[in-house]
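Encoded as structure tokens, the structure appears first; notes follow it.
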Amino acid sequence: MRNPVIIFGANAMGRAAHEIFESNDIVVYGYLDDDKALHGQELDEIAVLGSTDDDGFLKYIGKKCEAFIAVDDNTYRRNLVEVLNKKRKVMPVNAIHNAAYIAETAHIGHGSFINMGVRIGNKAKVSNHCILHTNAVVDYEAELGSYVQVGSGSIVNTEVTIEDDVFIGSGVTIVAGVKIGKGARVGAGSVVIADVKSGETVFGNPAQPIKN
């Protein structure tokens with residue numbers, strides 16, 4: 001992928017994505033953001049061009065440039081993916097830092113943010129629209145569903161299965177073979193030694209469900 005990129009989201013994640021594309025010698029054409037106060041401004045010498053639904057800029061995506069969605073709210077992220085799918089018939093590209101390591105046999109889907117120091121092992125699978133923060137590890141034959149977020153320094157050990165929409169905080173360790181159900185949340189610093197049910201929030205060492 002060598003086409004210029006438009007980044008959806010002129011926020012901290014968007015600026016990190018800009019740095020990632022720059023590290024791979026890919027030009028960032030500009031940002032789109034729904035905060036009108038940012039329109040016309042420059043962030044790190046990259047212009048905020050307009051809103052995320054601006055057809056004047058969307059029309060270039062898939063022809064002259066690509067798109068990356070730098071949004072960590074999954075509902076908002078899904079909406080933007082749907083816009084690209086319906087209006088432009090494209091998927092967002094991945095932002096993969098050149099200081100990340102991805103095994104040749106690993107599978108990476110579309111639209112994921114993979115930051116500096118991330119390591120993805122042999123035959124691991126990262127589906128679509130995931131966010132892997134600095135120094136996260138996805139070990140061999142682990143599987144991540146779509147819209148999964150993994151915090152900085154977290155370790156997803158071998159043969160772990162993580163379903164869609166799971167949030168994993170920073171510094172988490174998930175031991176080998178554990179399954180984490182859809183929409184679950186794991187608090188920062190936790191050690192997960194047993195399966196986590198869908199929609200459950202766990203925290204601690206060993207991680208235990210948090211009762212509302």
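Assorted remarks:
- Separation of alpha-carbon centers, the stretch 68-117 and the stretch 1-29, rounded to whole Å: 12
- Hz values of 3J(HN,Hα) by residue in the stretch 174-187 - Karplus curve (6.51, -1.76, 1.60), Gly and Pro given as x: 10, 6, 3, x, 6, 10, 10, x, 4, x, 6, 10, 10, x
- Computed extension gain for T134 through Q41, at 0.36 nm per residue and net of the alpha carbon distance, reaches 30.7 nm.
- Directionally averaged projected area (convex hull, Cα atoms, the stretch 94-198), nm²: 4.9
- With a Förster radius of 41 Å applied to the beta-carbon distance between Y60 and H107, the computed FRET efficiency rounds to 0.90.
- Separation of the alpha carbons by more than 26 angstrom is noted, of K87/K179; K64/K86; K89/K123, for K87/K179; K89/K123.
- The coefficient of translational diffusion for the chain, derived via Stokes-Einstein from the alpha carbon Kirkwood radius under 25 °C and 0.890 mPa s, stands at 141 µm²/s.
- For E200, residues with placed amide H under 5 Å, excluding near neighbours: A184, R185
- DSSP-defined beta bridges in the chain - what % are antiparallel, rounded to 5: 10
- Inter-part distance, the stretch 141-170 to the stretch 175-212, computed on C-alpha centroids, equals 11 Å.
- Under a 5 Å amide H cut-off, with hydrogens placed 1.01 Å from N, G171 pairs with S152, G153, S154, G189 among residues at least 5 apart or on other chains.
- Ellipticity at 222 nm from helices only: DSSP H runs of n ≥ 4 in the chain, each -39500 (n - 2.57), divided by the residue count, give -3500 deg cm²/dmol.
- Förster-model FRET efficiency, 35 Å R0, N79 and N205, C-beta, rounded to 0.05: 0.45
- Amide hydrogen neighbours beyond the local backbone of I131, cut-off 5 Å, H modeled: F113, V148, Q149, V150
Quick note: the coordinates plus some simple rules give every number you see, no bench work behind them. Since this is a predicted model, take the numbers as computed values, not measurements. Virtual Cβ from ideal backbone geometry, glycine too; neighbours counted across all protein chains shown.
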